[in-house]
Amino acid sequence: MVRLRIIDAFTDRPFAGNPAGVVVLDEPAPEAWMHDVAAELNLSETAFAVRGEAPGAYGLRWFTPLVEVDLCGHATLATAHALAEDGESGPFTFATRSGDLRADVDADGAVRLDFPAQPTTPVTGPLVDVLTAALGTPAVAVATDGVDVLVEVGHEEIVRALVPDIGALAAVEARGVVVTAATTPRPGLDDASLGAPDVVSRWFGPRVGVAEDPVTGSAHCTLGPYWAPRLGRTSFLAHQVSPRGGVLRVEVVGDRVHLHGRAVTVVDGELRAPRTP
């Protein structure tokens, strides 16, 4: 049997943030088995970490219910949280398809992820019209990092109230579509307890089996370099305003992005499905 945890990431309370499956292994598992486990959990991502030879070194892979992905922030944070729960002090270095990623866990449980920045280039032409129709709102700007498409809209309330045409978004040739806006500080917001955000976003990825991701750490590798020059500073607070909601402190450090967040373990049990080839 294999230990399996479900951990809510980018939140300090259960049943919020983004739940990730986490499986820590002593040796690599068959790829088909990892696909099956991820499909069974039906979470946006399940992380499989394999212990390396050096202290704090792990191989790390992430699977949606449909595909393996190159980069996932919330499941990496969840994995670092799980390892810290097991008494490992870190720092942790994860060998991934996106290169080596680093995670540090403070004594109070706060996690800092060190990820590659994903700068964008502007998008014009027919795709803008497709996105406008799918989202039901005009775009201030559209850009791509080569993986996701970023759509800036005119006001944070547009992001919060968005009800997109998921089928139409599935036709966009990208891992996902992130919709974002800068905020206008205002009292009384539902997530005010998280601190007043500078930026809000939501992320939709029907092409990879995730209609809407609750909190998408990897998207903030793009939102960081996109918003930092527009806000005039290299550090800001971001809220992903999905129904579950989540909060990240984003820092742009050269060609890296540091994502700060917390996590809560909500399920800790045993996976009884055998690791068959």
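Just a few scattered comments:
- Counting only alpha carbon atoms, the long axis of helix 220-231 and the longest principal axis of the chain meet at about 40°.
- Selection from G176, V151, G232 lying farthest towards where the dipole of segment 121-254 points positive, charges on Cβ: G232
- For q = 0.15, 0.16, 0.17 Å⁻¹, Debye-computed log10 I/I(0) when each Cα of segment 121-254 counts as one equal scatterer: -0.66, -0.75, -0.85
- Among A219, A38, A54, residue whose mean-square fluctuation peaks in a GNM of the chain (springs only between Cα atoms under 10 Å): A54
- Mean separation of Cα contacts under 8 Å (6+ apart) over length of the chain, as relative contact order %: 24 percent
- Fewest neighbouring Cβ atoms within 10 Å first, the residues H260, H220 line up as H260, H220.
- Computed from the alpha carbon positions, the gyration tensor of segment 209-264 leads to an equivalent ellipsoid with semi-axes of 21, 12, 11 Å, biggest first.
- Charge dipole (the chain, unit charges on Cβ, about Cα centre) - positive-most of T46, F115, T79: F115
- Which of V24, V250 has the fewest Cβ neighbours within 10 Å, and the rest in rising order: V24, V250
- Extension gain for the segment D70 to S89, taken as residue separation times 0.36 nm less the Cα-Cα distance, is 4.3 nm to one decimal.
- The Cα center of segment 7-76 and the Cα center of segment 119-156 differ in position by 29 Å.
- Length-normalised contact order for segment 121-254 - Cα pairs under 8 Å, 6+ apart - percent: 19 percent
- Range of Cα positions in the chain per principal axis (Å), largest first: 51, 38, 34
- When the chain is treated as a Gaussian network with alpha carbon springs shorter than 10 Å, the biggest mean-square fluctuation among A107, A49, A57 belongs to A107.
- Remark: the chain carries a charge dipole of roughly 300 debye about the Cα centre, counting +1 on each Lys and Arg Cβ and -1 on each Asp and Glu Cβ.
- Over the chain: helical MRE at 222 nm, DSSP H runs n ≥ 4 each giving -39500 (n - 2.57), nearest 500: -6000 deg cm²/dmol
Bear in mind these aren't lab numbers, they're just calculated from the coordinates by the rules spelled out. Everything numeric in this text was worked out from a predicted model, so none of it was measured. Positions of Cβ are backbone-derived with ideal geometry, glycine not excepted, and every protein chain shown enters the neighbour counts.
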